[in-house]
Each structure stands twice: as C-alpha cells, then as structure tokens.
Amino acid sequence: MPTVDALSDRLTEYLDLQQIKAVRRAYFYAEQAHDGQRRKSGEPYVTHPLAVASILAGMHMDHQSLMAAMLHDVIEDTEVSREGLENQFGQAVADIVDGVSKLTHLEFETRAEAQAENFQKMVLAMAVDIRVILVKLADRLHNMRTLGAMPPEKQRRIARETLDIYAPVAARLGMRDLQLELEDLAFQSYHPMRSKYIRRAVVQARGQRKDVITSIEDAIRNRLQQEGLKGGVSGREKHLYSIYSKMKSKGKSFAEIMDVFAFRIVTESVDDCYRALGIVHNLYKPVPGRFKDYIAIPKANGYQSLHTDLFGARDITIEVQIRTKEMDAVASQGIAEHSHYKIYGDSSSAIDGYNRARKWVQGLLEMQKRAGNSMEFIETVKTDLFPDEVYVFSPKGRIFELPQGATAVDFAYAVHTDVGNSCVSCRINRRLAPLSQPLQSGQTVEIITTPSAQPNMAWLNFVVTGKARSAIRHFLKVQQRGESVELGRRLLTQFLTNYGASIDDVDPMVLSQLLDEAGFTTLDELLEDIGMGNRMAYVVARRLRPAEETGEDEQDGDSTGAALAIQGTEGMVLHYARCCGPIPGDPITGHISTGRGLVIHRTDCRNIAFMKDDAEKCVYLKWATNIDEEFIVNLDLKVESERGLIATLATTAAGVSANVLKVDITETDDALNTVHMDLTVKDRIHLATVMRKLKALKAVYKLTRV
Ligand code: MN
C-alpha cells in the first residue's frame, strides 16, 4: 500500500525539505479530517487523496498542488471550512481546494451531449488557477482506476462524464497520457462488451504484427545509424478507445485500422527531426498529402511533431511521428510539463498557477511568431484558458455562453427577447440578486418575469451583449413613439377645442393635403411629430379648423381653452424641468421643446417667463387629480450645528413619508450652517406638511423651497 513516506522519498527528487514537510502536514491534516470515513472499496478514505497527490507528483507538480490534492475532498466531505484551510495552509492552497470542490458540484449527468463542448469550456473557465484543473484531473483519474467498487449505474454515469468532459479537457491541455488512460478506463466501464472484444482482437493481432513491427523498426534504426543520426525508434501500441472511435467515426473495420503501424522517432535536436524525415521518406515512399509539420506550426495545446504516412510492404501503412525529447515530454504531459520546468527555474513557489499558465500561453505565442502563421490558434488557447466568456445554467440545465461581465439581463435576452422585455428580478443560485450583478461561470440563473413589466432605460448602463442592448433600445423607441403619438393627440385636441372642433371631425380632404405637404402617410405620424415637439400643435390646429370658422377672430386661438391635464404617466415625452422642480399643486406651463416633447415648468419659473404667453411654444397645463407619483423637491435650510442633525432631519422627513434622497451640509463661519436637501413628495399639500415638521425642529431657523 502506498504511504506518505514513500511519496516523500520520491519528492526529494524535485522539492526541497520545507516543501516536502508542508505536503506531509497536509496529508496528516487530511487523515485526521477524514478519520472514520472509508472508500467504497473499504480502504481508509485518506488513501484516495494520497493517490491523487502521487499522480501529480508523477507530473512533478509543485508542492501547493500536492497539498491541495491531499486536501481536495476536505471542504466537501468533512466539517472543515475554506477559512479553516486558509488559516492552516494559506490562500493559494485554499483557493485550489475551493476550485476543485466547485467543479465537483457541477453535474453533467442530465446534460445533452451536444453541450459537452460548452461544459469543457466551463470547466476551464471556472478555474482561474490552472492547477485546479490538474488536481481535478488527477482526482478523476484515481476515481476511474478504482471505479469497480461503485454500483454499475454510477460507474456508467461517471464513465460517460469522463469521456464527454474530462478526457477532452486533458486533450485541450495537451496531457495525452492522462487523456488516453481516462479514455481507456471509461471505455471499459461504459462499453464493457465492446472493449472486451477489441482487446481480444488486439491481442490476437499482436502475434502476427510483432514480426512486421520489428522488421520496420530495424529498417528505420539501421538507416538512421548509417546516416550518423542519433535517435530512438519505437513502435506505438494502439489504444482501445482510439481504435473504437476510429471504427465508429470513420466507419473503418478493425482490420483496416490494424493495418496501420505507428512508430515514433525521438531525436536530439529540431534539425535532426527534419533530417530523420528525409531519411524515412527515402526508405519508404510517402503517402501524398499526409505530411504535417507541427514543429513549424504547433497545435493549439502546444503539441509539436512531424507527422508522415508511408507505404509499407503488403498494403500496410506506416505512420511516423518525429520529434525532439522535449517535444515528446510535452506531447505526453502538456501543460503539466510546462508548469514543472518553471519550478526548476524559479524555486520560489510564489509564482501562482495563473502566471505560470500565462507564461505557457506566452511561450506558445513566441513559437507562433517564429512560425509566422495566423494568430487564430493563439486566440483559441486564450479563450480556453483565460476565458473572456462565462458559462451559466438556466434552471433546466441549458448552458449559455456569455461574455465576461454579462448580467442577468443579458442572460434574459439570451434566453429570449420576450423574457428580457418582461424581466423584473432574478435568482442566482436560488438566491435573489440584483439584475446588474455580473454573472460567474457555473451559476444557475433564474429570471423572474411579469407580463406587465418593461425594459428599464437604466439597464443600458450595465448590459454588455449587443443583443440585450439593441432589444432594449428597440423597445424604448417603440414605446416612445406610442407616447409621442398620444401626447400629440392630446395637444392637437386641446388646440382644436379652441375652434370648437375635434380630431374626429376634421375635413378628410384638408387633413390629407396637410399630410402630403408634411410627407406623412398617416395621422399617427403627424401626431408623433407634434408630440415630439417638432411641429406646433397650435399651427396644425389652425390649418385643420373647420372651414366656417375661417376669417373669424383668431384671438380665440390662444385664449384660455381647457388646460391639458398632466397625469405624470406620459413617459419619455414628458419631462419635469430641473430648474424649478414642479410638483402637483404648483401652477404649471408646458414648454414644447423640439425633439424632446413637453417640458413642464412652474408657471413662475424664470426660464419660461419670456415665452409663457407664446401659444406656439407653450401650453397651459393642469395636474390631473389622480396622480400617484413621487416628485423631487429641493429645500434649503439654515440650521444651528448640532450633533446628529442630519439623522434628525432625515427621520423627521421620513416620519411624514417623504423619502430623503440627499443631504448636504455646507459649514460656514457663521453660527448657522446651510443644509441642502433633496426629497420626494406627492404634491404641494404633502410638501407643506413636510416643511411644517422640519420648521418645528429647534435647530432649524429658516427653510425655503428652492
Ligand atoms: Mn476526490
């Protein structure tokens, strides 16, 4: 049975004593935390984390990864908290363990196969520190090696998940050895009969193949020697799962696949690779179109090698891979290989995994520059490892890919425009959360909608997807259009009333002539134009007034008609002037502002003093009686400075249901300070109540509405 002492011995190969001590401490901590727990096989639970750490030690991973491996199930399966781990072992280790626990929580079982690729990306996206994935992969590998102890149903599920998610993730990171082992183990569990059949066939074929392999191997080795080139040649065994998937995906028979013999030549230098290529092409005829130079143009995961196919005797094909020793190490261990020689270079373990993975990508970038090829594959690597995307679930388990920083509103629009347009709030991981909160990979997002809801203009401040942005804009535009038409109708009706007419009994001939001149086809377009303030209702009304009125006294036009009633629900075409802040009860006048619609001022506001009697620019307004809105007013106070005064002011106002939005105190040399308050009230009567209460305070000397 493997022990922590045996592991420590192996670690002396590449870790210093302090680091080995830390790894041992993590082991004993885990042993105690898991005390009494057993694996399905009956062994003490701690044998599992120890085995996971040993797998990582085989990849020469740093001591923090090994510590995290020892502790990886502690948060999940014992009483120990993340904070507890952080206190004991530091933030980096706690972060990795936390990341691994989160990955464990993702459930793949019910997801459609088509989503597997997104899931792979999600796994990568969730791990800010790449070591999280390496620990998780090692964890999965050990679980696969010991899968036999599980009930058959669970075996199948875990095997499927391994084939769909973890083996491809290993492949993306270039960890070929790990990928192949995961695949073969999962294949045996998922398709026991098929795997048994292929295994038997391979064993049978091996006998006949042995001679062929030896003779080709010898031929290549001899020729390399004759040319004075150092390098090893070996035949490569085919893996069960790769045989199976070739049979399945390419429709080939077992015999066809077994007629391909694969060899690898490992050389001392890059130059030797190309020389070896010339040598084998000279020895056997190459198959046209099969040569690939992954040395000049590496694969996205950093894989480098020369590949070529050759015609052998008796209709067999010879596949040859040629690469240097370093390339060979990378080909089997991928990112793990890259991360471990960084540790040799810099023994301080402070470089976190993120930096290391970043360096890995930079390394790829340089390779790419040398190769002078398109930047595309670098982009692929970057998005895989340093995701600009987040991956989140709908409550039904569908995965959505969104850009970094996306919010629940973006998610809602990604689901459907109607969902976005009617969303009012959201639950993230079953808890209510603000719509503006940026989402994180792995979260489940549920959108709460009501049929009467509408998009909010403020959403434009935080949505990041083009889809959400344009849908919100579109909605607001349509809504504004409707509101403009409605306001235009009311303004025109108002002025027509002065002529004793209404829109309904306007002469159709006169109307269509006016529409023609203005370049409109419908009355609504005309009304919209009026509502937006682009066209004077007064002028239009004069054109449309009944014929018999023509020539009569036009003074009627701007005499007092019934004032237009304002409900406060007119929406975007109605604005309350900031300068005077009108509230219900104030006498008001509307200024028709080009392109904006109607701006409401207090009638005594200085800004409209010079034009309020100009019927072309202004309309008389009155407040509707049933307004149910809050209006902002500004108050200036002279107060004696006193402890807790702001709180007193705020609670006093709140006591009579006024919401205080802002309180500013300006200290003066005087005994009295100036206070500026913004609060909301319903109307003038409400305001009077608020002011009376504030004035009653002892500290308040003077109080004015601005
Ligand atoms: Mn585990």
(message) For a quick check: with amide H placed at 1.01 Å from N, whose amide H comes under 5 Å from residue 565's, ignoring anything fewer than 5 positions away on the same chain?
(response) 622
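Hey, with R₀ at 56 Å, roughly what FRET efficiency would residue 457 and residue 671 work out to, going by the Cβ-Cβ distance, to 0.05? Let's see the in-between values first.
Numbers: r = 45 Å, r/R0 = 0.80.
Computed FRET efficiency for residue 457 and residue 671: 0.80.
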(request) Taking H placed 1.01 Å from N in the peptide plane, check which residues at least 5 places from residue 603 or on another chain put their amide H under 5 Å from its amide H. (result) 588, 589
(message) To make sure I understand the rule: partners must be lysines, Cα under 20 Å from the Cα of residue 325, and not fewer than 8 residues away in the same chain. Which ones qualify?
(response) 230, 292, 299, 342
(message) To make sure I understand the rule: partners must be lysines, Cα under 20 Å from the Cα of residue 396, and not fewer than 8 residues away in the same chain. Which ones qualify?
(response) 102, 121
(request) Report, in whole Å, the centroid distance computed from the Cα atoms of the range 242-304 and the range 611-661. (result) 80
(request) Classify the range 623-685 as rounded, prolate or oblate, taking a ≥ b ≥ c as the square roots of the eigenvalues of its Cα gyration tensor: rounded when a/c is under 1.5, otherwise prolate if a/b is larger than b/c and oblate if not. (result) prolate
(request) Give me the number: length gained by fully extending residue 401 to residue 642, i.e. 0.36 nm times residue separation minus the C-alpha to C-alpha distance, one decimal in nm. (result) 81.2 nm
(request) Find the centroid of the Cα atoms in the range 160-210 and in the range 452-503, then give the distance between the two in whole Å. (result) 62
(request) Tell me the label-point distance for the pair residue 255, residue 534, using the 7 Å Cα-to-Cβ offset, in nm and rounded to one decimal. (result) 7.9
(request) Sort the range 158-224 into rounded, prolate or oblate with this rule: let a ≥ b ≥ c be the square roots of the eigenvalues of the Cα gyration tensor; rounded if a/c is under 1.5, and if a/c is not under 1.5, prolate when a/b is larger than b/c, oblate otherwise. (result) oblate
(request) Convert each backbone phi in the range 626-640 into a coupling constant with the Karplus relation 6.51 cos²θ - 1.76 cosθ + 1.60 (shift: θ = phi - 60°), then list the ³J(HN,Hα) values in order as whole Hz, x for Gly and Pro. (result) 10, 6, 10, 9, 9, 10, 8, 10, 10, 10, 10, 10, 9, 10, 7
(request) Take the cross-link list 662/695; 210/252; 662/682 and give me the ones stretching past 20 Å between alpha-carbons. (result) 210/252
(message) I need the phi-derived Karplus couplings for the range 447-452: 6.51 cos²θ - 1.76 cosθ + 1.60, θ = phi - 60°, integer Hz, Gly and Pro marked x.
(response) 9, 9, 10, 9, x, 8
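Hey, with R₀ at 60 Å, roughly what FRET efficiency would residue 281 and residue 521 work out to, going by the Cβ-Cβ distance, to 0.05?
Numbers: r = 75 Å, r/R0 = 1.26.
E(calc), rounded to 0.05, equals 0.20.
With both bridge residues required to lie in the range 198-333, what share of the DSSP beta bridges run antiparallel, to the nearest 5%?
Values: 16 of 24 bridges.
Looking only at bridges with both residues in the range 198-333, the antiparallel portion is about 65 percent.
Given R₀ = 56 Å, what would the calculated FRET efficiency be for residue 628 paired with residue 299, taking r from the Cβ atoms and rounding to 0.05? Each step should come with its number before you reach the end.
Working: r = 65 Å, r/R0 = 1.17.
E between residue 628 and residue 299, to the nearest 0.05, is 0.30.
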(message) Give me, ordered by chain and number, the residues 5 or more places off residue 305 or on other chains with an amide H under 5 Å from its own placed amide H.
(response) 294, 295
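Using only the Cα atoms of the range 206-307, build the gyration tensor, take square roots of its eigenvalues as a ≥ b ≥ c, and label the shape rounded, prolate or oblate: rounded if a/c is under 1.5, else prolate if a/b is larger than b/c, else oblate. Each step should come with its number before you reach the end.
Numbers: a/c = 2.05, a/b = 1.29, b/c = 1.59.
In terms of gyration-tensor shape, oblate.
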(request) Rounded to whole Hz and in sequence order, give me ³J(HN,Hα) for the range 133-149 from the Karplus expression 6.51 cos²θ - 1.76 cosθ + 1.60, θ = phi - 60°, writing x for Gly and Pro. (result) 5, 5, 5, 4, 5, 5, 4, 5, 4, 5, 5, 5, 5, 10, 5, x, 6
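No lab work stands behind these numbers, since they all come straight from the coordinates. The structure presented is a predicted model; accordingly, all values stated were derived computationally and were not measured. Here the Cβ is made from the backbone with ideal geometry for all residues, glycine too, and neighbour counts use every protein chain on show.
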